[in-house]
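All remarks here apply to the structure that follows.
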Amino acid sequence: MKVGLYGGSFNPVHDGHAHVAETAKRRLGLDRVIWLVSPQNPLKRGHETADFDARIAAVKAVTKDPGMIVTGAEAKLGSAYTVDTIRTLKARFPGVKFVWIMGADSLASFHRWKGWTDIMREVPVAVVSRPWISLKSRFSPAARRFTHARLPSASVIRLPDARTPAWAFLFGRFNFQSSTALRARARTASAPKA
C-alpha cells in the first residue's frame, strides 16, 4: 500500500490544503492520504493556534474523498516532531510505502524543522506547487542540499517506490488560499470599529 502523510496545523484548513493532498494522491497513485493534524506546531506560538478538536472537525469537513483519512495521531503518540511520527508509523506498519507530502511553502522553511535531513532519509517527499513561493522554495536550503535526490517531472509516479533520499516537485494549477491570509482577514473582521 502507498500512503501519503500530510501533516500540519491546518489553522485554518482551506481548499489549498485539500488541493495539495488531492494533487499528491492523484499524481503519485497513492491509496490513501493521512492528514496528521498537529496539536501544536513547534515553530508557531500556541496562542495563534485554534482548538485542536475544532481543527480536526474542520479538516474532516474539507476532505471529501474516502481515501483521505483525518487523524490526531500525533497527540495520541505524544509526538511533537514529524521525524518522530514518521519513524513510529514506519515501525508499526513496515509493509506500507509512506510518502511525506508538503506544499512548496513548507519546503521553503523545511530546514528549520527538527530532523529535516533525517525526514528526507526516512521517506520520499512530495512537494506540491503553491503560489508566490514555488520558485523560491526550489532554491531553499533543503532543495539545494538534496538537489541530487530530486526526481525529474516525468518520473514522479515512481516516488513512492524510490530509494531515499528522494523527492519530487509536483507542478499543477495553483490554489491561492492561505491560512495566514485567512487568519489576518478574521482578525481584521473582529477588530473593534472606530
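Things worth noting here:
- Residues that are among the acidic types (Asp, Glu) and touching a helix residue (DSSP H, G or I) at 6+ places or on another chain (Cβ under 6 Å) within the range 64-81 comprise just one, Glu74.
- Hits in the range 117-132 - residues which are at pLDDT 90 or above, closer than 23 Å to Arg27 by Cβ and more than 12 Å from the chain's Cα centre (by Cα): Ile119, Met120, Arg121, Glu122, Val123, Pro124
- Annotation note: Cβ proximity below 6 Å between a residue of the range 85-108 that is closer than 20 Å to Arg163 by Cβ and a residue that is crowded, with 22+ Cβ neighbours inside 10 Å and small (Gly, Ala, Ser) (sequence gap 6+ or interchain) occurs for Val99/Gly4; Val99/Ala126; Ile101/Gly4; Ile101/Ala24; Ile101/Ala126.
- Among the residues making up the range 63-80, those that are surrounded by fewer than 18 Cβ atoms within 10 Å (Cβ to Cβ) and not small (Gly, Ala, Ser) are Lys64, Asp65, Pro66, Ile69, Thr71, Lys76, Leu77.
- Single residue of the range 136-172 satisfying the filter (of a type in the set (Val, Ile, Thr) and touching a residue at least 60 places away in the same chain (Cβ under 8 Å)) that is farthest from Asp105 (Cα to Cα): Ile157
- Where Ser79 falls short, out of the listed (1) modelled with pLDDT of 95 or more; (2) in a loop (DSSP other than H, G, I, E, B): (1)
- Candidates are the residues of the range 8-54 that are modelled with pLDDT of 90 or more and basic (Lys, Arg); the one that is surrounded by the fewest Cβ atoms within 10 Å (Cβ to Cβ) is Arg26.
- Taken over the range 83-119, the criterion of being within 15 Å of Arg150 (Cα to Cα) and surrounded by fewer than 21 Cβ atoms within 10 Å (Cβ to Cβ) is satisfied by Thr117 alone.
- When Val59 is tested against (1) without any contact (Cβ under 8 Å) to a residue 12 or more places away in the chain; (2) within 17 Å of Val33 (Cα to Cα); (3) not small (Gly, Ala, Ser), exactly one condition is not met: (1).
The values are calculated or read from the model by the stated rules, or taken from the named source; none is laboratory data. If you're wondering where the values come from, they're calculated on a predicted model, not measured in any experiment. Here the Cβ is made from the backbone with ideal geometry for all residues, glycine too, and neighbour counts use every protein chain on show.
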